[in-house]
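Student: This is the structure I have questions about; it appears just below.
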Amino acid sequence: MSNDDQKMTTMTGFGLGEVPTLFEESVSGRQGVSLPPETPDTENLVTSLIPPSHIRRVPLSLPELSEFQVVRHFTRLSQRTLSVDNTFYPLGSCTMKYNPKLNEAIAASDNFAGSHPSQPEESLQGLLAIYYQLSQWLGALTGLPGVSLQPAAGAHGEFTALLVAKAYFRDRGEVQRLQVLVPDTAHGTNPASATRCGMEPIALTSKNGKLDPTELKHHLSERTACLMITNPNTLGLFEEEILEISALVHEVGALVYLDGANFNALVGRVRPADFGADLMHINLHKTFSVPHGSGGPGSGPICVRETLAPYLPVPIVEMRDGQFRLRSDRPKSIGKVRTFFGNIPAVVRAWAYIAQLGLEGLREVSGHAVLNANYLLKLLAQYYDVPYGPRCMHEFVIDGTRQKKSGVKALDIAKKLLDFGFHPPTTYFPLIVPEALMIEPTETENKETLEAFARAMIEIAKLAVDNPSAVTSAPEHTPVSRLDELSAARNPIVTWPEL
Ligand SMILES: *Cc1c(COP(=O)(O)O)cnc(C)c1O
């Protein structure tokens with residue numbers, strides 16, 4: 001191998017060396033695509049289409065690279081990231097399960113990916129049929145037949161559903177109902193959504209990890225709009241008093257909002273309407289297998305009782321005279337909450353997933369979600385404190401307080417897992433567990449993976465006693481060591497390199 005060849009090998013670096021930025025790799029004049037040379041015609045076309053004040057006079061300083069450099073750059077970066085496709089990803093509450101590639105192929109097919117939102121309805125019948133059918137299925141699975149597939153995420157679903165509740169109360173002349181009761185185990189988006197729609201979130205203190213009906217009674221009044229409850233809650237516990245809780249809320253004329261992010265623990269077995277839910281959101285990207293992470297792209301449909309359906313956002317897909325139609329002339333509707341039809345690929349993937357599994361398959365999903373979480377909990381229970389056990393639904397929370405005595409925090413345990421090649425669980429949530437590690441194995445993992453993860457967690461528990469610094473200095477085997485996440489968020493260094 002010549003010296004030059006050796007240099008090339010190091011530069012292309014398959015190992016864990018640094019990946020240069022696209023700007024560093026840029027070579028002036030290098031191109032990814034060869035365009036035909038500019039002619040007076042093309043120039044005329046440009047000037048006829050774009051007003052002169054908008055035509056760039058100085059070339060944009062973008063990196064100049066060939067196509068394969070760009071492919072290698074992003075492929076290398078992608079290989080440094082932990083994902084559901086390359087490792088176990090037990091991020092509690094987020095349901096990071098494996099997404100069958102068949103769904104991807106269906107969503108990427110030209111029939112869906114190639115459609116345009118301004119196409120006439122007659123030419124979108126296939127897509128609208130999917131919207132219609134998925135709405136019907138979600139209505140049947142939840143017992144809440146009014147469905148909107150518009151919201152773009154769980155939090156957006158919460159926001160939309162609360163607007164629906166607000167419009168419902170306004171219509172009834174009960175404008176004073178603006179209080180939203182939120183248990184202290186709730187996801188942070190719950191109080192945030194209530195605040196964003198001009199309502200007032202009120203925190204309820206939980207008892208033994210669950211909502212206490214006495215505490216609830218204390219806060220219910222003619223000013224209550226909704227109770228926002230997560231069931232199973234974020235500690236992975238089923239709210240066993242839910243029937244009494246719902247009855248109390250309904251008694252004062254308020255609504256029960258279910259945060260349905262944990263629906264993969266119930267799907268096919270429990271219809272939330274049967275335990276009193278009046279409206280809820282579903283995270284298609286959690287329960288119904290849509291890839292997500294880094295903030296999107298998700299989809300958070302809402303399902304509501306018949307009486308609340310008139311207030312749903314527009315458009316709604318209807319079937320009339322054997323044709324599927326988008327309907328926007330709904331006088332009581334809260335209006336539009338998302339451009340066009342919502343997140344089409346997410347809707348198509350969720351539809352494909354349910355179509356393949358059927359009701360029996362969905363029952364297995366929730367069964368395995370709960371079984372996997374309980375198996376893992378059992379493997380870990382001896383080594384970590386389990387404040388709310390001994391059994392769980394689809395996820396559970398362990399407390400690293402025992403490990404903290406030797407200086408090892410929940411954060412250190414999470415970072416050490418990276419050295420074992422696992423994505424860490426959710427940390428420090430819910431807030432009522434001081435050193436919380438919230439673990440959701442999901443239903444798609446097999447026994448060997450759960451056991452391998454348990455071995456890593458047990459090894460870390462032992463290190464926390466025998467050699468704490470081996471945990472507090474983690475990660476050691478990742479492309480970058482421990483980052484100062486706070487400074488990165490508070491003082492981001494955003495530069496635009498000069499070329
Ligand atoms: C994920 C989650 C949400 C928010 O959903 P996004 O799609 O992330 O906006 C709300 N509540 C709970 C319990 C969740 O797990």
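Student: In the stretch 252-269, which residue that is hydrophobic (A, V, I, L, M, F, W, C), more than 16 Å from the ligand (Cβ to nearest atom) and in contact (Cβ under 8 Å) with a residue 60 or more places away in the chain is nearest to LEU235 (Cα to Cα)?
Tutor: The extreme case among them is LEU255.
Student: Only one of SER123, SER118 is part of a loop (DSSP other than H, G, I, E, B), away from the ligand (no atom under 16 Å from the Cβ), over 22 Å from the mean Cα position of the chain (by Cα) and of a type in the set (Gly, Ala, Ser). Can you tell me which?
Tutor: SER118
Student: With the requirement that a residue be under 27 Å from ALA355 (Cβ atoms), more than 16 Å from the ligand (Cβ to nearest atom), among the β-branched types (Val, Ile, Thr) and touching a Pro at 6+ places or on another chain (Cβ under 9 Å), what does the stretch 285-335 give you?
Tutor: Result: VAL304, single match.
Student: So ASP85 ticks every box in (1) assigned to a loop (DSSP other than H, G, I, E, B); (2) farther than 30 Å from GLU448 by Cα; (3) of a type in the set (Asp, Glu) but one. Which box is left unticked?
Tutor: Going through the list (1) assigned to a loop (DSSP other than H, G, I, E, B); (2) farther than 30 Å from GLU448 by Cα; (3) of a type in the set (Asp, Glu), ASP85 breaks only (2).
Student: Go over the candidates ILE413, ILE432 one by one and state the one that is assigned to a helix (DSSP H, G or I) and either in contact (Cβ under 8 Å) with a residue 24 or more places away in the chain or on the phi > 0 side of the Ramachandran plot (or both). Walk me through it before giving the result.
Tutor: Values: ILE432 fails: assigned to a helix (DSSP H, G or I).
Sole residue among the options that is assigned to a helix (DSSP H, G or I) and either in contact (Cβ under 8 Å) with a residue 24 or more places away in the chain or on the phi > 0 side of the Ramachandran plot (or both): ILE413.
Student: On the basis of being without any contact (Cβ under 8 Å) to a residue 12 or more places away in the chain and either closer than 28 Å to HIS187 by Cα or of a type in the set (Val, Ile, Thr) (or both), does VAL471 make the cut?
Tutor: Values: without any contact (Cβ under 8 Å) to a residue 12 or more places away in the chain: no; either closer than 28 Å to HIS187 by Cα or of a type in the set (Val, Ile, Thr) (or both): yes.
No.
Student: Can you spot a residue in the stretch 150-163 that is away from the ligand (no atom under 16 Å from the Cβ) and either in the same structural domain as VAL347 (by TED's automatic domain parsing) or under 29 Å from PHE429 (Cβ atoms) (or both)?
Tutor: no
Student: Also: Please enumerate the residues belonging to the stretch 188-224 that are of a type in the set (A, V, I, L, M, F, W, C) and farther than 17 Å from VAL433 by Cα.
Tutor: Answer for the stretch 188-224, where residues must be of a type in the set (A, V, I, L, M, F, W, C) and farther than 17 Å from VAL433 by Cα: ALA192, ALA194, CYS197, MET199, ILE202, LEU216, LEU220.
Student: Give me the residue from the stretch 86-130 that is surrounded by fewer than 13 Cβ atoms within 10 Å (Cβ to Cβ) and of a type in the set (D, E, K, R) and, out of that set, nearest to PHE340 (Cα to Cα).
Tutor: GLU122
Student: Take the residues in the stretch 225-252 that are in a loop (DSSP other than H, G, I, E, B) and out of contact with any helix residue (DSSP H, G or I) (no Cβ under 9 Å at 6 or more places or on another chain); name whichever of them is surrounded by the fewest Cβ atoms within 10 Å (Cβ to Cβ).
Tutor: GLU240
Student: Considering every residue within the stretch 450-469, establish whether at least one is buried (at least 18 other Cβ atoms within 10 Å of the Cβ) and of a type outside the set (A, V, I, L, M, F, W, C).
Tutor: no
Student: Shifting gears a bit: Does the stretch 78-90 contain any residue that is outside the structural domain of PHE288 (by TED's automatic domain parsing) and farther than 25 Å from VAL19 by Cβ?
Tutor: Yes, because at least one residue in the stretch 78-90 is outside the structural domain of PHE288 (by TED's automatic domain parsing) and farther than 25 Å from VAL19 by Cβ.
Student: Given the condition assigned by TED's automatic domain parsing to the domain that holds LEU149, among the β-branched types (Val, Ile, Thr), in contact with a His (Cβ under 8 Å, 6 or more places away or on another chain) and under 23 Å from CYS226 (Cα atoms), answer yes or no: does some residue in the stretch 257-280 qualify?
Tutor: no
The values are calculated or read from the model by the stated rules, or taken from the named source; none is laboratory data. Not measured: the values here are computed from a predicted model. Because the Cβ atoms are built from the backbone with ideal geometry, glycine has one as well, and the counts that use them run over all protein chains shown.
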